[in-house]
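Novice: Starting off with a structure, shown below.
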Amino acid sequence: MHKYIVLGKTNTEFSSSMVSKPQNRKDIVAPFVESLGGNLLEMLYLNHPEISAVALVEGPNDEAVASMTGIIKASGMFDDLNWYRAFDSSELKQIYELASTKMTEYVSAKSFGEDE
């Protein structure tokens, strides 16, 4: 499973729905995420003008998370919703270990002279 960060900006329709019927959205959204093969680890709300909702999700692949966020966007409750693949420190180490071994194979555009 991969880790993902989902950042969104809820809209007035979301607020209106929550005022009319307060609910724990994590309890409601978690089974949906599970139906796509994932796991909703955390759902947080912020008092930030551009980002009002943050979720930490485990997902099997990018396609599942893209599908999940596409469906949530279609609900009309968000003005903006984006997802990002996240790497923990051991995964980042593996990425840079591979980069370190392949570094000599890359030829920079800067390495070419004007005469070539």
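Novice: Mind listing whichever residues of region 53-77 are buried (at least 19 other Cβ atoms within 10 Å of the Cβ), at pLDDT 95 or above and either touching an Asp or Glu at 6+ places or on another chain (Cβ under 6 Å) or not in a helix (DSSP H, G or I) (or both)?
Specialist: Once the filter is applied, which keeps residues that are buried (at least 19 other Cβ atoms within 10 Å of the Cβ), at pLDDT 95 or above and either touching an Asp or Glu at 6+ places or on another chain (Cβ under 6 Å) or not in a helix (DSSP H, G or I) (or both), region 53-77 yields 53, 55, 57, 59.
Novice: Scan region 22-44 for residues that are under 15 Å from the mean Cα position of the chain (by Cα) and surrounded by fewer than 13 Cβ atoms within 10 Å (Cβ to Cβ) and report the count.
Specialist: Residues in region 22-44 being under 15 Å from the mean Cα position of the chain (by Cα) and surrounded by fewer than 13 Cβ atoms within 10 Å (Cβ to Cβ): 2 in total.
Novice: Look through region 20-52, keep the residues that are part of a helix (DSSP H, G or I) and of a type outside the set (D, E, K, R), and return whichever of them is nearest to residue 3 (Cα to Cα). Write out each step before concluding.
Specialist: Initially, region 20-52 is screened for residues part of a helix (DSSP H, G or I), giving 20, 25-35.
Subset that is of a type outside the set (D, E, K, R): 20, 28-33, 35.
On the way: 20: 33, 28: 20, 29: 17, 30: 15, 31: 17, 32: 17, 33: 13, 35: 16 Å.
It comes out as 33.
The values are calculated or read from the model by the stated rules, or taken from the named source; none is laboratory data. Worth saying up front: this structure is predicted, and the values here are computed from it rather than measured. Every residue, glycine as well, gets a Cβ built from its backbone with ideal geometry; the counts of neighbours run over all protein chains shown.
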